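First the structure, in the form of structure tokens, and then the observations on it.
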Amino acid sequence: MDCIFCKIVEGSIPSKKVFENEHVIAFHDIQPAAPLHLLIIPKKHIASMNDVEPEDWPLIGEIHRAAQQIAREQGIAETGYRLVNNCGPDSGQIVFHIHYHLLAGEKLGGLNVRSA
Ligand code: 5GP
Ligand code: ZN
């Protein structure tokens, strides 16, 4: 399967990895939208939130658990962070391997993301 994030999981495409356990990896986004911009992904290929099967919900929990640990390790647990999942065309999802953006490192803009 031609999935860029599966290749990052395998290691055939390099990434700046900050976290790895049995189920999840996290690495720096190649085009950061905030001073700290990480992507947290399951090792298992799931295309998007629309494709999460009932047996995958614990894995989504694992991603949130990883986010909590990463936030502590990166020193942003107290200053704050935002965890974002894009799903489908209106969200602007471009990589169809489910991922959560962890954004932090400065006061982030509000949630009014309507296009002009
Ligand atoms: P989406 O819009 O699908 O939610 O976000 C995909 C994200 O993946 C984008 O922020 C983009 O910069 C990032 N990205 C795309 N290709 C690569 C890559 O090869 N390596 C890394 N580290 N990030 C990537
Ligand atoms: Zn994949």
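Within region 1-104, which strands (runs of 3 or more DSSP E) (wholly inside it) include 3 or more residues that are touching a residue at least 24 places away in the same chain (Cβ under 8 Å) and crowded, with 16+ Cβ neighbours inside 10 Å?
Details: elements: 17-20, 24-28, 36-42, 81-84, 100-104.
The strands (runs of 3 or more DSSP E) meeting that bar are 36-42, 100-104.
Might you check whether a residue that is under 10 Å from the mean Cα position of the chain (by Cα) and within 13 Å of Leu38 (Cα to Cα) occurs anywhere in region 103-115?
Initially, region 103-115 is screened for residues under 10 Å from the mean Cα position of the chain (by Cα), giving 103.
This time we only want the ones that are within 13 Å of Leu38 (Cα to Cα), so: 103.
For region 103-115, residues under 10 Å from the mean Cα position of the chain (by Cα) and within 13 Å of Leu38 (Cα to Cα): present.
Please find, among Ala67, Ala26, Ala47, the residue that is more than 16 Å from ligand 2 (Cβ to nearest atom), modelled with pLDDT of 95 or more and of a type in the set (A, V, I, L, M, F, W, C). Break it down stepwise before answering.
Working: Ala26 fails: more than 16 Å from ligand 2 (Cβ to nearest atom); Ala47 fails: more than 16 Å from ligand 2 (Cβ to nearest atom).
Just one listed residue meets the conditions, Ala67.
In region 80-101, what residues are touching an Asp or Glu at 6+ places or on another chain (Cβ under 9 Å) and either modelled with pLDDT under 95 or over 14 Å from Ala47 (Cα atoms) (or both)?
The one that is touching an Asp or Glu at 6+ places or on another chain (Cβ under 9 Å) and either modelled with pLDDT under 95 or over 14 Å from Ala47 (Cα atoms) (or both): His101.
The values are calculated or read from the model by the stated rules, or taken from the named source; none is laboratory data. All of these numbers come straight from a predicted model, not from anything done at the bench. Here the Cβ is made from the backbone with ideal geometry for all residues, glycine too, and neighbour counts use every protein chain on show.
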